[in-house]
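Data first, discussion second: the structure below is written as structure tokens.
The values are calculated or read from the model by the stated rules, or taken from the named source; none is laboratory data. Since the model is a prediction, treat every value here as computed from it, not as a measurement. Backbone-built Cβ (ideal geometry, glycine too); neighbour counts: all protein chains shown. Ligands, DNA and RNA are stripped out before the accessible areas are found, and what is left, the full protein with its side chains, is counted by its heavy atoms. Shrake-Rupley method; radii C 1.70, N 1.55, O 1.52, S 1.80 Å.
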Amino acid sequence: MLYLSWSMIFRHKTQYFGLAMTITLGALLLGSSLSLHNSTQHPVFTTEDRRVSEIETLRQLAESSAWFTNLMAWLTILITTWIVAQTMSFILAQRRKELAQLLLVGASKAQLYLLVICESVIISFLAACVGALASPVLIKPYSKLLVLSNNGSPELSYHPDFTALVISVGLIVLSTVIGALLAIRKIASLSLIEAVRSPSVVDSRKFSGKRIFMVIIGFLALGVAFLPTGNLMGYQLSTLLTGTGATIVIVSLSPLLVPSISHGIGRLLSPIAPGPAQVAQEYTRLSPLRTASLATPLILLLCLVSVFAMLAQTGRSETYAQSTQLKNTDYFVSADDIKFHPQEQQDLEKNQNIAQSTSLVTAPDWLTPESNRAISIVAINPQNIKDFIPVSVREGDLSAVEGDRVASFSGRVGDQHIVQSPGGHQEVIQVVAVVDSNFFIHGDYIVDKSTFDLSNNIVDTQLLAQGSDGVDLQSFTATVHQVLPDATVSSGAEWVTQKVNQGMKSLMFAIILLAGGATVLALFNLIQTYLTALIGRRKDIDILHRVGMTRSQIMEANAIEVLMVLLVGSLLSAGAIYITSARMQVSLADMGSVVRPVLPVTIFAIMAGICLLTMLVVALVEGYWLSIRTTYRGLFLNSHRPQKGTAR
Amino acid sequence: MQPLDIKNLSFTYPNNDKDTLTDINLSIAPGEWVAIMGPSGSGKSTILLCASGLLPATADTLAINGLDILHATKKQLALLRRRKLGYIFQELNLVPALTVAQNIAISFTLDKTKVTPSNISQALHQVGLENVENKLPHELSGGQQQRVAIARTLISDPAIVFADEPTGALDTDNGEQVLQLFEKLTAQQKSILMVTHDPNVAARANRIVWVVDGQIISTLEGGNPTQIAQQLANIGEAK
């Protein structure tokens, strides 16, 4: 069976070459992702002469690298499986007759399945080995991208990992086999008669059980997505669910729409190019399922990139909205101000890994005696930081924050603390809200109390500050620098802008990486699918050629078909994106006018344009090449290769 | 054991109100060559496809080499096709991705048994082909491909061969070679059920079954091409 599989791969090398390239690309990405993931699992960096905040930052960056590479690995596996399933479906659909002939000469269906599985194992193993072996080359630029996207640090060690490479080969082979198993359903319905007769055309406008099932699944996803959002399901999850559900429903119903679209374009273009327009129209109209399948990678790509873009834009709006809720916070001091105390350093050197520090810094107006009054406290949970959203409310209500008396501390809502100034003045402070943030909000007072237990990976930082009303930034900075020379102090407005931009930069890099990866793979899939479909049409092209169609007319027909497929894909994805956007609008209604989902029209148009160009190039090049090759091989007559000098 | 035994076979194509075949009864003895003839659209090829198990028909009995194919398991049917049936169609049923040698040895490969290269060469020699083992089907002419299909049948030693217009796409010389090979097969006690519209080809068979409107109306044994052509013309006029 292995020998037979190898022969089959060799004979179908044109189709399998594209599949092998996809698998190699997948293994390259997976091998490098897993290598980076492994090297960030136990990050190696020295703690000597480092501030605790630096150590913590490096640890967080290592975690962020691990999270990102893990996500990339999963995405690669899922996308590879999908592309393999899609491509194998096309390849098997074209090999139906050949497989039916094997059935005719005595192969059982199980043997056919085994043949396909063997083919996928051989091709995936070879391609995955090439990809995995090449993946160390990708590690350096990949780690640079991680650093650029604030998901890594040049001080962390990123290196190839042999175990990760072996695992990546295994995972890619497994995902290819799963993809092949998903595609095998194409030959489950194979009948013997197909060996001698063409299968009867199935009216794909009729609702098959499978399509009804898919529509139900799509509506279920939409139903779940429209449940009230809460702790279990944020708007991000509900958006993704809506996008997925809408895409499934629309793709399942697409064969109903394809004939109308192809008819419309066909009529529109028939005065310019009657023959090619008719050929393209018939191809798309008579096989709406095939047209929809061709448009599927396009739909998924457009939906995926648009949803990413929507989430990014909305994340930005949300960030601004939440940041502006922290009214009356005058100054921000970055967390770099935490230093080892001598005692801490000694403890760490003794390898006890436990240290504690306490310091109190006051701004000038703190020195002015005031009557006792409660200070509103926003508690910070440094254990639970978020990466790009500066602040999100965990407990309490930020509207309870009183005027300019805002400070940050750690604790729970209702906790009271007494803070004493160097001059002996005391203030009672009360926690009114708890927020998650990785940024340290400061004002008049800075209380710094940190406990470090590095052996148990615990860092408990208690920070307190209060709004510095009426004190200029320069004075405040000078006071802070008396005890924290390296601290960065900025005004509230500057800080919000700076952090939001920094967060957005990081987010945009991550999104560009994700969307870029998805785009490369999806475009590859688009080329592969379309190319396989065109190659399968050699005989038809030969017939058209023989009945008088010129090469340029064949290319025109291909180009018109591309337009039809693009229009089908764009219209259907626009529908799915609109539904998704509407869902996001409902989710974010409570955020008022500040946060609005932005329909990514520009990104959508750019991506559609890239897809159009890619498909046009494939259509024209392959149309030109096939019209030469098919005539040369004389596939229409299924005859032998013409000898030199033989008239054709 | 009869290579083929059909009793009361009927068949209707999907989305077709009228029966394509009605009450077909046909038995073939070992070494017998039976030709099916009739006007276009009479159901000749459909009988062949149903009898060979390619189309799902209903019948009281439909047995090939003693196996009731209506109630056989999928595995039994696969083994039957692999070991006891030969198919030679106008469509040239060679797997395009496999070489001539691989095509000839395919039933052995599927059976996980081996066939020696000399056996393959011998089978090819019997059908008048030399040094084509490593060629792909598309590198051969139609007649050569047809002969490779016959070589595959010869090497797998089937009980019955189903042939649909086996000489339809061939020139006179190639067609004659194929018919001579069929005679060799019957000499080896292999039966043949063949569909043809050519009286000269049908005249080589032991028995001719006449089909009109999906029913067998008569049989003719030992007819010459002129008689057969006359009968075919009569049936056409009567219709």
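Things to note:
- Residue-level check: of (1) modelled with pLDDT of 80 or more; (2) within 14 Å of chain B (Cβ to nearest Cβ), residue A:640 misses just (1).
- Residue in the stretch A:77-89 that is within 14 Å of another protein chain (Cβ to nearest Cβ) and either more than 25 Å from residue A:524 (Cα to Cα) or out of contact with any strand residue (DSSP E or B) (no Cβ under 8 Å at 6 or more places or on another chain) (or both) present: no
- Just so you know, in the stretch A:123-161 the residues that are open to solvent by 30 Å² or more (accessible area, probe 1.4 Å) and under 18 Å from residue A:3 (Cβ atoms) include one that is nearest to the other protein chains (Cβ to nearest Cβ), and it is A:126.
- When the stretch A:277-302 is filtered for residues that are more than 34 Å from the chain's Cα centre (by Cα) and among the polar types (S, T, N, Q), the ones remaining, listed by number, are A:278, A:281.
- Evaluated against (1) within 14 Å of chain B (Cβ to nearest Cβ); (2) in contact (Cβ under 8 Å) with a residue 12 or more places away in the chain, residue A:120 falls short on exactly one condition, (1).
- In the set (1) within 26 Å of residue A:10 (Cα to Cα); (2) surrounded by fewer than 22 Cβ atoms within 10 Å (Cβ to Cβ); (3) within 13 Å of another protein chain (Cβ to nearest Cβ), the condition left unmet by residue B:130 is number (3).
- Within the stretch B:94-118, considering residues that are over 23 Å from the mean Cα position of the chain (by Cα) and open to solvent by 50 Å² or more (accessible area, probe 1.4 Å), the one farthest from residue B:176 (Cα to Cα): B:112
- Residues of the stretch B:101-122 classified as in contact (Cβ under 8 Å) with a residue 12 or more places away in the chain and within 18 Å of residue A:2 (Cα to Cα), total: 10
- Pairs, first on the phi > 0 side of the Ramachandran plot in the stretch B:167-193, second open to solvent by less than 20 Å² (accessible area, probe 1.4 Å), C-beta under 6 Å, six or more apart: B:189/B:31
- The set of residues from the stretch B:65-78 being open to solvent by 10 Å² or more (accessible area, probe 1.4 Å), part of a helix (DSSP H, G or I) and either touching a residue at least 40 places away in the same chain (Cβ under 8 Å) or at the interface with chain A (Cβ under 7 Å from one of its Cβ atoms) (or both) comprises B:74, B:75.
- For the criterion of being of a type in the set (A, V, I, L, M) and free of Cβ contacts under 8 Å to residues at least 40 places away in the same chain, residue A:107 passes.
- Residues of the stretch B:93-111 satisfying the condition of being more than 7 Å from chain A (Cβ to nearest Cβ) and within 29 Å of residue B:35 (Cβ to Cβ): B:94, B:100, B:103, B:104
- Residue match in the stretch A:44-67 (condition: part of a helix (DSSP H, G or I), within 14 Å of chain B (Cβ to nearest Cβ), modelled with pLDDT of 80 or more and open to solvent by 60 Å² or more (accessible area, probe 1.4 Å)): no
- Among the residues of the stretch A:586-634, those that are modelled with pLDDT of 80 or more, open to solvent by 60 Å² or more (accessible area, probe 1.4 Å) and under 30 Å from residue A:539 (Cβ atoms) comprise A:613, A:617, A:620, A:621.
- Qualifying residue in the stretch B:46-61 (condition: on the phi > 0 side of the Ramachandran plot, away from chain A (no Cβ under 14 Å) and at pLDDT 85 or above): no
- Qualifying residue in the stretch B:154-168 (condition: within 10 Å of chain A (Cβ to nearest Cβ), open to solvent by 10 Å² or more (accessible area, probe 1.4 Å), farther than 18 Å from residue A:11 by Cβ and not hydrophobic (A, V, I, L, M, F, W, C)): yes
- Residue A:234 meets the conditions (1) at pLDDT 70 or above; (2) out of contact with any helix residue (DSSP H, G or I) (no Cβ under 7 Å at 6 or more places or on another chain) in every case but one. The failed one is (1).
- Residue B:231 open to solvent by 10 Å² or more (accessible area, probe 1.4 Å) and either under 30 Å from residue B:111 (Cα atoms) or without any contact (Cβ under 8 Å) to a residue 12 or more places away in the chain (or both): no
- When residue B:173 is tested against (1) within 13 Å of chain A (Cβ to nearest Cβ); (2) over 22 Å from residue B:53 (Cα atoms); (3) modelled with pLDDT under 85, just one condition goes unmet, and that condition is (1).
- Checking residue B:150 against (1) open to solvent by 10 Å² or more (accessible area, probe 1.4 Å); (2) in contact (Cβ under 8 Å) with a residue 12 or more places away in the chain; (3) within 14 Å of another protein chain (Cβ to nearest Cβ), the condition it does not meet: (1)
- Criterion violated by residue B:83 - all others in (1) buried (at least 20 other Cβ atoms within 10 Å of the Cβ); (2) within 8 Å of chain A (Cβ to nearest Cβ) satisfied: (1)
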